[in-house]
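First the structure, in the form of structure tokens, and then the observations on it.
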Amino acid sequence: MDFKKNPKTLFKKIEKMDKSEAREEIKALREGISHHDYLYYIDNRPAISDESYDKLFKRLRELEDAFPEFDSDTSPTRRVGAPPVSKLKKVRHVSPLLSLNAEMDEEEVWEFDRFIKRNTGKEKAIYVLEPKFDGLSVEIVYREGVFDYGATRGDGETGEDISENLKTIRSVPLRLHEKKEVPSLLAVRGEVLMHKKGFIRMNKERVERGEEPFANPRNAAAGTMRQLDSKKVVGRPLDIIFYEIIKVEGPEITSHWEALKLFPGWGLKTWEDNRKTSQFKDIKGYHSKLSEKRDELDFEIDGVVIKLDDFSDRENLGSRQRSPRWAIAWKFPPKKEVTTVEDIVVQVGRTGMLTPVALLQPVDVGGVTVSRATLHNEEEVIKKDVRQGDDVRVERAGDVIPEVVESVKARGRKRKKKFSMPDRCPVCGSEVEKEGAYYFCTAGLSCPAQLIGRVGHFASRAALDIDGLGEKTVRQLVEKDFVHDIADLYELTVDDILKLEGFAKKSAKQLHNAIQKTKKVRFDRFLYALGIRHVGGHVARVLAREFRSMENLREATIEDLEEIAEIGPEIALSVKHFFDQEENRKVLERLEGAGVKAEEMPSRKKESRFEGKTFVFTGGLAKYTRAEAKKAVEELGGRATSSVSGETDYIVVGENPGSKLDEAKKEKVKILDETEFEKLIGK
Ligand code: IVH
């Protein structure tokens, strides 16, 4: 029985079939349907009519209903979605999902090529060129060839389990094809994309149904993939393109190009026009060709990715904090359009910062409707001399918030008066204070805008991730006087929530539960949630790893903080300042009183090879920034200090060393060059 070629669609009556016949036919149907899915969705060369395909599908479903003992998670009939969930599960990636350093200029790319050659010691570096897809980056893991799970990138270390949603995408194989040896473990990375045409059609339907349209195909893809009800994902115009191996066990693969060539044999769709080259002129050519062609493509792309081909060279180069040294993204120039400023308003953010914002006549900038754009600060508005009524050029570069680049002056037209910053907070009327180029409302949390921003940030996805506590709800909680600081959230009762617009018994209970559930929280997330200036997700993780608990961090001195690689004076000062403020201490105490407990981070297994050893660095190292070098020493249990003393054990000397080298010689400190240092740390 083979349904791959010219399948028959006349079948035996199910009542007359025995188990073994059914088992065999089910198996053949599943293989046949997967094969036709591949031809249709990946190869774009369907071999049978839609009608015959539907008949096969219907037959499989009937057989599965009649013989439930042959159920399988990888059956094509399972692409219809699963029961809805209340929240997406978190998953830890098999290995961190890095992101790419993005560059805008040719020179930077040239510099990247030089860096690669210098550090691999090779005269010729072979690169693979690919488009930079603008969708949702995902990881999919196959074990013994079977789809195990799929996840979003999240913070790079943990993502959200979106398996059920991914399984509804026809170009995601549920089982790897076996044209090539199937690895026992294969973790791949790809981009979920929405076809541009499908996006427009879907948005139209949304508007007709009275729903909010998505801003662009990327948001639509990302929003759809994070749906809690996978049934709603079925039939959305989504696709996937695979572009990276994260981990493989089984076949030996030595280069990226080799991996890309293996993908189709496993049923994994790749981009049809990737390129391999060692010539800089080809990189330039590929970039400019794609930049011209981008509007004609089915998917949104926003640049070119240049990847070193050889896996062992990649491994030797390693990665920086969050991005590999062996790849780079060369973005396309941003898209610009001209429109009119209808008004300039001033917004107040969670830190109290006042930001002038231009309200614009809506304009399409590269597929996204832009109706507001940031003007950053007063100096910018004055420098660009943007006024109400002006025509301005608006630019949008990838993810960045749209920006007003310049005012295009029309001669002879009478202009409105110059913009100036208000001397009172436009939300609460308190005094404003100037700090450098920025103005701040001085009212702290008694300014509703700051409070709303702060609580919203606390509840946001990357922070405590409180389901159902979006901006609209936060606004109501503040306006109705239920919440005066983040600690108040934990005192809300179901009855309080019921008084808010849009809540019924069930949803109020759900939100109450969602809040209470966050009482046990990972320390780094909690730290990020507090909204301390200069403490973003990454810094929060660094601090949490180092100090392990709130108690330790609260007592840290500026010196303790600055000791840590990656923590500079600005961050150190801001953290110290936060914990010194009476108001913040009180909120933390109340949070603790309410039972909120940041979970102590397990201490990292530290190597102690350098226990008791002190290093000093002087001059520039070729492969490491100072912070990275310091971190390498600390990870092995050593210390890095900034000046030479009798306690110094090693001095590592880079290019153009300073006077520290002379001092080290005097103190008879052991001198290492970069290669010796690398050897010592075991690279
Ligand atoms: S490779 C470490 N290849 O760009 C290498 N990424 O900032 C990581 N992306 O989140 C990925 N097209 O979503 C790779 N051809 C491509 C890509 C690509 C788009 C995205 C990916 C990632 C972001 C990196």
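The values are calculated or read from the model by the stated rules, or taken from the named source; none is laboratory data. Everything numeric here is computed off the predicted structure, so don't read it as measured data. Don't worry about glycine lacking a Cβ; one is built from the backbone with ideal geometry, like all the others, and counts go over all protein chains shown. Note: accessible area is taken over every heavy atom of the protein model, side chains too, but ligands, DNA and RNA are not part of it. Shrake-Rupley method; radii C 1.70, N 1.55, O 1.52, S 1.80 Å.
Among the conditions (1) within 16 Å of the ligand (Cβ to nearest atom); (2) closer than 22 Å to Arg236 by Cα, Pro76 misses just one, which is (1).
Here Thr158 clears all of (1) under 13 Å from Val138 (Cβ atoms); (2) of a type in the set (Ser, Thr, Tyr); (3) within 16 Å of the ligand (Cβ to nearest atom) except the condition numbered (1). Go through (1) open to solvent by less than 50 Å² (accessible area, probe 1.4 Å); (2) not in a loop (DSSP other than H, G, I, E, B) and name the single condition Leu464 misses. Condition (2) is where Leu464 drops out.
Among all positions in the range 227-236, there is no residue which is within 16 Å of the ligand (Cβ to nearest atom) and either open to solvent by less than 30 Å² (accessible area, probe 1.4 Å) or touching a strand residue (DSSP E or B) at 6+ places or on another chain (Cβ under 6 Å) (or both). Here Val305 meets each of (1) open to solvent by 20 Å² or more (accessible area, probe 1.4 Å); (2) within 13 Å of the ligand (Cβ to nearest atom); (3) at pLDDT 90 or above with one exception, condition (1).
Of the helices (runs of 4 or more DSSP H) lying entirely inside the range 594-683, those containing at least 1 residues that are touching a Gly at 6+ places or on another chain (Cβ under 7 Å) and either under 30 Å from Val521 (Cα atoms) or open to solvent by less than 70 Å² (accessible area, probe 1.4 Å) (or both) are 674-680. Contact annotation: residue pairs with Cβ atoms under 6 Å, 6 or more positions apart or on different chains, pairing a residue in the range 310-339 that is over 21 Å from Ala125 (Cα atoms) with a partner that is more than 15 Å from the ligand (Cβ to nearest atom) and open to solvent by 80 Å² or more (accessible area, probe 1.4 Å), are Thr339/Gln361.
Checking each residue in the range 94-114 for being open to solvent by 30 Å² or more (accessible area, probe 1.4 Å) and either away from the ligand (no atom under 16 Å from the Cβ) or in a strand (DSSP E or B) (or both) picks out Ala102, Glu103, Asp105, Glu106, Glu107, Trp110, Glu111, Arg114.
Being open to solvent by less than 80 Å² (accessible area, probe 1.4 Å) and either in contact with a Ser or Thr (Cβ under 7 Å, 6 or more places away or on another chain) or charged (D, E, K, R) (or both) is the filter here, so list the residues in the range 407-427 that pass it. Within the range 407-427, Arg415 is the sole residue that qualifies. With respect to being more than 16 Å from the ligand (Cβ to nearest atom) and modelled with pLDDT of 90 or more, Glu62 fits the description. Consider Glu178 carefully, then state whether it is surrounded by fewer than 23 Cβ atoms within 10 Å (Cβ to Cβ), in a loop (DSSP other than H, G, I, E, B) and away from the ligand (no atom under 16 Å from the Cβ). Criteria met by Glu178.
When Leu186 is tested against the conditions (1) touching a strand residue (DSSP E or B) at 6+ places or on another chain (Cβ under 9 Å); (2) open to solvent by 10 Å² or more (accessible area, probe 1.4 Å), the lone failure is (2).
Cβ-Cβ contacts under 7 Å between residues 6 or more apart (or on different chains), taken from a first residue in the range 1-16 that is farther than 19 Å from Phe67 by Cα to a second residue that is among the β-branched types (Val, Ile, Thr) and surrounded by 12 or more Cβ atoms within 10 Å (Cβ to Cβ), are listed as Pro7/Ile48. The listed residues are Phe311, Phe299, Phe263, and the only one of them that is open to solvent by 20 Å² or more (accessible area, probe 1.4 Å) and either over 18 Å from Asn119 (Cα atoms) or within 16 Å of the ligand (Cβ to nearest atom) (or both) turns out to be Phe311.
Of the residues in the range 127-137, none is away from the ligand (no atom under 16 Å from the Cβ), under 15 Å from the mean Cα position of the chain (by Cα), among the charged types (D, E, K, R) and open to solvent by 10 Å² or more (accessible area, probe 1.4 Å). If the condition is being among the small types (Gly, Ala, Ser) and part of a loop (DSSP other than H, G, I, E, B), then the range 256-281 contributes Gly267, Ser278. Just the residues that are out of contact with any Phe, Trp or Tyr (no Cβ under 7 Å at 6 or more places or on another chain), near the ligand (Cβ under 10 Å from one of its atoms) and open to solvent by less than 60 Å² (accessible area, probe 1.4 Å), please, taken from the range 314-324. Scanning the range 314-324 gives Ser319, Ser323, Pro324.
Taken together, the residues in the range 66-90 that are of a type outside the set (Val, Ile, Thr) and in a loop (DSSP other than H, G, I, E, B) amount to 13. Here Lys247 passes the criteria (1) part of a strand (DSSP E or B); (2) closer than 25 Å to Leu290 by Cβ except the one numbered (2).
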